[in-house]
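Colleague: Dropping the structure in here first, questions after.
Bear in mind these aren't lab numbers, they're just calculated from the coordinates by the rules spelled out. For clarity, every value in this text was computed on a predicted model and none was experimentally measured. No Cβ is skipped: glycine too gets one built from the backbone with ideal geometry, and neighbour counts run over all protein chains shown.
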Amino acid sequence: MKLIGQFKQLVTLRNLPLRGKLSDNQLEIIENGGILIENGLIKKVAEFEVLKEELENNKISFDLELIENEQICLPSFVDSHAYFIWWKPFQRFCSAKCRKNLS
C-alpha cells in the first residue's frame, strides 16, 4: 500500500456524467488531498491527513511518497487521443504539410 500526497488540490472525476457538457461546479476538489494506491490501482482519494490517520489507526503498513511543493493532481486515466489520420480531409492536409516541410 502506498500513500501519495499532500497535493494542494486533488480533482476527482467522481459523479460526473459520461457524456455531455461539464461545468466547474460539477468537479469535486479535495484540498490537501492524498491518493492511496494498492496493487498499482487507486484505492481511495481523500484529504491526505485523513488517509494517513486511517492507515495508522488500523495499523496498516504503507509506503509514503511526499509531495514537497504545491501540486494539483487529477488522479484518473484520460484517453484523450483520436485517430484523425483516417479522416480523409485531415489526411490530405497532413500529407500536403509534410511535403511542404520536407522541401
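Colleague: Report the residues of region 57-75 in range of a label on K2: point 7 Å along Cα→C-beta, backbone N strictly under 11 Å from it.
Modeller: Only 63-66 fall inside the zone, counting backbone N under 11 Å.
Colleague: With label points built 7 Å along Cα→Cβ from the Cα atoms of I67 and L27, find their separation and express it in nm.
Modeller: So the two model labels end up 1.3 nm from each other.
Colleague: Oh, and also: Using packing as a proxy for protection, rank 57-68, 15-26 so that the peptide with the highest average count of other Cβ atoms within 10 Å comes first.
Modeller: Result, highest mean Cβ count within 10 Å first: 57-68, 15-26.
Colleague: From the phi angles alone, apply the Karplus equation (6.51, -1.76, 1.60; θ = phi - 60°) to region 7-14 and give each ³J(HN,Hα) in whole Hz, x where the residue is Gly or Pro.
Modeller: Once rounded to whole Hz, the list reads 8, 4, 9, 10, 9, 9, 10, 4.
Colleague: I would also like to ask the following. Once phi is turned into θ = phi - 60°, what whole-Hz ³J(HN,Hα) does the Karplus curve with 6.51, -1.76 and 1.60 give for every residue of region 26-34, x standing for Gly and Pro?
Modeller: 7, 7, 8, 10, 9, 6, 6, x, x
Colleague: When the Karplus curve 6.51 cos²θ - 1.76 cosθ + 1.60 is applied with θ = phi - 60°, which whole-Hz ³J(HN,Hα) does each residue of region 52-58 get, with x for Gly and Pro?
Modeller: 4, 5, 4, 5, 5, 5, 8
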